[in-house]
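Here is the structure we will look at, set down as structure tokens.
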Amino acid sequence: MATEILFPELGESVHEGQISKWLKKVGDHVKLDEPIVEIMTDKVNTELPSPAAGILVEITVPEGGDVEVFHRMGVIEEDETKAQEMLKNGKAPAVEEKKPTKETAVLSSEKQALVQPPAAMVGGRRWYTPVVRAIAKENGISDEELASIPGSGQGERVNRKDIESYLKTRGTSPAPAAMPTKQTAPMVAGPDQELVKLTGMRKMIADHMVRSSQVPVVSTLVEVDVTNLVKFREANKEAFEKQNGVKLTYTPFFIKAIAETLLEFPYVNSAVGDNYEVTLNRTVHMGVAVSLGEDGTGGLIVPVIRDCHTKTLVQITKDLTNIAKRARSNALEPADVQGATFTMTNPGSYGATLGTPMISAPQAGIIGAYGIVKRPVVIDDMIAVRSMMNVVLTYDHRVVDGMTAGLFLQLLKKKLEGFDFYK
């Protein structure tokens, strides 16, 4: 009997994903629950176990290909004789279609409600995936023009292939001046060059950065004297690790101070929707950029530490240690990277002293904490050696203006320098 390998439901907000890597090739034997394919959604790699034991006879979605929830990625034939015959003849197996019972019909309708929003949303707006939205913006396609594109996805939903096919036959009408359509020649590698296509993690990051680049942002910097914080950590890091079982770094201090500051500036801790509806968050779920893989070369991912505004420094340190450990071992789940209200990145951990972090849309802000450097500063007309660092806030200028950003950073600076938040 043939068994389909379906793209699983990994969360209510997950509608599609991408095949990062097939762990088996056509013709390979697979065991029940043996990892067979690596899939990616929301920048998380997940190994999918085999739904049956048998032989992989068909791969319908290749590596780098997009697939919607509950759609077929491949087929396993449990009967070895049939499988070998299919492989020899190059004929795909016919998958038995099971007649739904009353219970499975109800379940199916519930799943469809999660993964297939109706074409007409509130206010008459159609639903599109973030990837489709990004391609439309990049090519100057209005909502009206987008609505005219026929969709081949579930419920006639427009997917990436539909909009890319439409662009090829769009016509010669120029795109609006604000969003020109660029006609570029195919890239050709020279004698000392190599062309590499972005796939998997890098492709997901690239798509998200394109969407985020559409947000009008401004970055504001403040210089912070963290001498007291540095002295405290140096004096207590050994005792802290012995008592709590985790190392004390600077990042938990930053997270704690930022979370308390965000409670007083809800617009910095907000999210902006497509139709300019702003979600003001009264809680702080902090996305923290950490490296993937043992050597940190697998890219950056942003798992979430929830309810930072209610947690102690010890709790935040333990949460941070846990997510960093799971990121290095590629053990994060999709839920671990969903629901952030604000993001913090710490380039100072690898020596950077200044930069402008890029916002993670639809969040309204991101903070970059840069390297701590000892240098001479003037205090009361006297020169003193202090531990100084730069803190940069990048924010969505549609909802946060310069004055609000300045007040936010001044309060954060006061908390870090006064060290009151830890007491």
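The values are calculated or read from the model by the stated rules, or taken from the named source; none is laboratory data. Just so we're clear, the structure is a prediction, and the values are computed from it rather than from any experiment. In this analysis, Cβ positions are derived from the backbone assuming ideal geometry, glycine residues included, and neighbour counts consider all displayed protein chains.
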query: Of all the residues that make up the range 62-111, how many are in a helix (DSSP H, G or I) and at pLDDT 80 or above?
result: 9
field: Single unsatisfied condition, I323 versus (1) aliphatic (A, V, I, L, M); (2) modelled with pLDDT of 90 or more; (3) within 27 Å of E223 (Cα to Cα)
entry: (3)
task: Would you please name the residue that is surrounded by the most Cβ atoms within 10 Å (Cβ to Cβ), looking only at residues in the range 284-300 that are at pLDDT 95 or above and not in a strand (DSSP E or B)?
output: V284
- line: D274 passes all but one of the listed conditions (1) touching a residue at least 24 places away in the same chain (Cβ under 8 Å); (2) within 19 Å of K415 (Cβ to Cβ); the exception is number (2)
- request: Could you figure out which of (1) more than 30 Å from R133 (Cα to Cα); (2) assigned to a loop (DSSP other than H, G, I, E, B); (3) of a type in the set (V, I, T) isn't true of V268?
  value: (1)
message: Looking at the range 198-224, I want the residues that are under 23 Å from I258 (Cβ atoms) and have a partner that is polar (S, T, N, Q) and surrounded by fewer than 18 Cβ atoms within 10 Å (Cβ to Cβ) with Cβ atoms under 9 Å, at least 6 apart or on another chain. Which pairs are those?
response: V217/T356; S219/T356; L221/T356; V222/Q410
- request: Could you look through the range 241-255, keep only residues that are touching a Ser or Thr at 6+ places or on another chain (Cβ under 8 Å) and part of a helix (DSSP H, G or I), and pick out the one that is nearest to R306 (Cα to Cα)?
  value: P252
- prompt: Restricting attention to the range 324-342, does a residue exist that is of a type in the set (K, R) and over 25 Å from the mean Cα position of the chain (by Cα)?
  reply: no
field: T279, sole failed condition from (1) part of a loop (DSSP other than H, G, I, E, B); (2) more than 14 Å from the chain's Cα centre (by Cα); (3) of a type outside the set (A, V, I, L, M)
entry: (1)
- request: Run I205 past the list (1) modelled with pLDDT of 95 or more; (2) not assigned by TED's automatic domain parsing to the domain that holds Q363 and report the number of the one that doesn't hold.
  value: (1)
- prompt: Pairs under 7 Å by beta carbon, first residue closer than 22 Å to P303 by Cα in the range 366-386, partner aromatic (F, W, Y), six or more apart or different chains?
  reply: A369/F254
task: Given the conditions (1) over 26 Å from S219 (Cα atoms); (2) part of a helix (DSSP H, G or I), report the number of the one that T261 does not fulfil.
output: (1)
message: Take the conditions over 25 Å from L87 (Cα atoms) and either part of a strand (DSSP E or B) or at pLDDT below 80 (or both) and apply them to L56. Does it pass?
response: no
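Listed here are the residues, each with its yes/no results for (1) within 30 Å of M209 (Cα to Cα); (2) of a type in the set (S, T, Y); (3) surrounded by 21 or more Cβ atoms within 10 Å (Cβ to Cβ); (4) in contact with a helix residue (DSSP H, G or I) (Cβ under 7 Å, 6 or more places away or on another chain).
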position: I19; (1), (2), (3), (4): yes, no, yes, no
position: K24; (1), (2), (3), (4): no, no, no, no
position: E34; (1), (2), (3), (4): no, no, no, no
position: T41; (1), (2), (3), (4): yes, yes, yes, yes
position: P51; (1), (2), (3), (4): no, no, no, no
position: D66; (1), (2), (3), (4): yes, no, no, yes
position: V75; (1), (2), (3), (4): no, no, yes, no
position: D79; (1), (2), (3), (4): no, no, no, no
position: Q84; (1), (2), (3), (4): no, no, no, no
- request: Go through the range 317-422 and tell me which strands (runs of 3 or more DSSP E), entirely inside it, have 2 or more residues that are surrounded by fewer than 18 Cβ atoms within 10 Å (Cβ to Cβ) and assigned by TED's automatic domain parsing to the domain that holds L248.
  value: 373-379, 382-396
